[in-house]
Amino acid sequence: MKTKEWPLCSLDELGTVGRGKSRHRPRNDPSLYGGPYPFIQTAEVTAADPYINNYSKTYSETGLAQSKIWEPGVLCIVNAGENTAENAILNIRACFPDSIIAFEADPEKSNVTYIKYYLDLIKADIRKVTKGTTQDNLSVQKLLKFKIPTPSIAQQNEIARVLTGYDNLIENNNRRIAILEDMAQSLYREWFVKFRFPAFEGSKFKESSLGRIPKDWSVKRLDDFVVLQRGFDLPKRKRNEDGGVPIYAASGITGYHDETKTKAPGLVTGRSGTLGVVKIVLEDFWPLNTSLWVKEFKNCTAYYAFYLLSGLELARFNSGASVPTLNRNDVHGHQVVAPPASLISEFEFIAKDFFQQVEVLTKKNRVLSEQRDLLLPKLISGRLRIKGDVNG
């Protein structure tokens, strides 16, 4: 992407470029982990939009000694694997490995948010130069070959301000979604795990194969509630990415199509590769063959079944030698606590309202994302100028 007015600069002309550090081998040495220092991984960069706030691992003092702490404001760019070129801005002090390239903006020359948005625009071009014999790899040298249209810092700030406005609205909605989901999960735990359901005071308990449960509850098989089914094949060459139907693989959404295979609300989880994460889908979707989806709900709906399945820790049912694999038949016979149907219905009535609010907020975010993505190339190419831009 070029403009007649703006000079083209490489990243090292706009700031400092380096790589994360993780020198110790093996990288999974337990002594490296469990301390107070956040350790960011490539999956967390990919999941962030646009700021990295979350992490699943921490380094110990030993881990920190063979790594490096990076300050907030650093742009993290994935340089290996299928998520090469994904990027996000670090919002906390954290370590990360050498599978992440770091860009620290010179405040007199560049706005890190502007740079982030430009790299988003050219992800496909970056990935074209990373193809190797074994796996995608983005070296610092390859990244520096890409030239970035560089308006004045004042113009960069204005472009970043407009685009960040959309992301801030999206992030606010995401926080509201997280609160609603936490409320529903907390309610489920209170009623069906801690047995503090409405009018529980004075309830009598009995012993069962799963421990003490309320006297009028029972123990059933999982397939008395849900029937899991393998997803459907859909090669990339047959997909219509312009369609609005999400395609769910083992790890989540992997693309879009113009045809649905199952109605919402539905449940999907990993069958091959990534196991253990259960997702509730609030729109019609296509479950891919690397996933399992709930073909039939019995004595409940997706709202109760979502927490029931999530509580099983499905990854422990792994039956694969080299590739983690979940066999639905291994799961169907698992014993679960079965509350009275009336209590399940009462829970679902409340949870449905929570998830309907989540659906509304999710749709708002989709519209905001589409609006932002339409503006992005126009602003960064200079084809659209912001009213009041100090440099015209």
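Observations, loosely collected:
- Whenever a residue of the range 256-281 is on the phi > 0 side of the Ramachandran plot, its partners that are of a type in the set (A, V, I, L, M, F, W, C), lying with C-beta atoms within less than 6 angstrom and at least six residues away or across chains, give the pairs GLY273/ALA250; GLY276/LEU314; GLY276/ALA315.
- Residue within the range 149-157 that is at pLDDT 95 or above, among the aliphatic types (A, V, I, L, M) and under 31 Å from the mean Cα position of the chain (by Cα) present: no
- Hey, PRO265 closer than 30 Å to ARG196 by Cα and crowded, with 17+ Cβ neighbours inside 10 Å or not: yes
- Here TYR307 fulfils each of the conditions (1) in contact (Cβ under 8 Å) with a residue 12 or more places away in the chain; (2) part of a strand (DSSP E or B) apart from (2).
- Residue in the range 213-221 that is surrounded by 12 or more Cβ atoms within 10 Å (Cβ to Cβ), small (Gly, Ala, Ser) and part of a strand (DSSP E or B) present: yes
- Qualifying residue in the range 75-82 (condition: open to solvent by less than 40 Å² (accessible area, probe 1.4 Å), hydrophobic (A, V, I, L, M, F, W, C), more than 23 Å from ILE253 (Cα to Cα) and within 21 Å of the chain's Cα centre (by Cα)): yes
- Pair list, Cβ under 7 Å, 6 or more apart: the range 215-243 residue over 23 Å from ARG328 (Cα atoms) and without any contact (Cβ under 8 Å) to a residue 40 or more places away in the chain, other residue in a strand (DSSP E or B) and among the basic types (Lys, Arg): LYS215/LYS206
Matching residues to (1) closer than 22 Å to ILE148 by Cβ; (2) among the aliphatic types (A, V, I, L, M); (3) touching a residue at least 40 places away in the same chain (Cβ under 8 Å):
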| site | (1), (2), (3) |
| --- | --- |
| TRP6 | yes, no, yes |
| LYS21 | no, no, yes |
| ASP49 | yes, no, yes |
| SER60 | no, no, no |
| GLY63 | no, no, no |
| ASN79 | yes, no, yes |
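- Which listed residue, of TYR114, TYR59, TYR51, TYR55, is within 20 Å of GLU171 (Cβ to Cβ), crowded, with 21+ Cβ neighbours inside 10 Å, aromatic (Phe, Trp, Tyr) and in contact with a helix residue (DSSP H, G or I) (Cβ under 8 Å, 6 or more places away or on another chain): TYR114
The values are calculated or read from the model by the stated rules, or taken from the named source; none is laboratory data. Computed from a prediction, not measured in an experiment: that's the story for all the values here. Don't worry about glycine lacking a Cβ; one is built from the backbone with ideal geometry, like all the others, and counts go over all protein chains shown. Heads up: the accessible areas ignore ligands, DNA and RNA and are worked out on the full protein's heavy atoms, side chains in. Shrake-Rupley method; radii C 1.70, N 1.55, O 1.52, S 1.80 Å.
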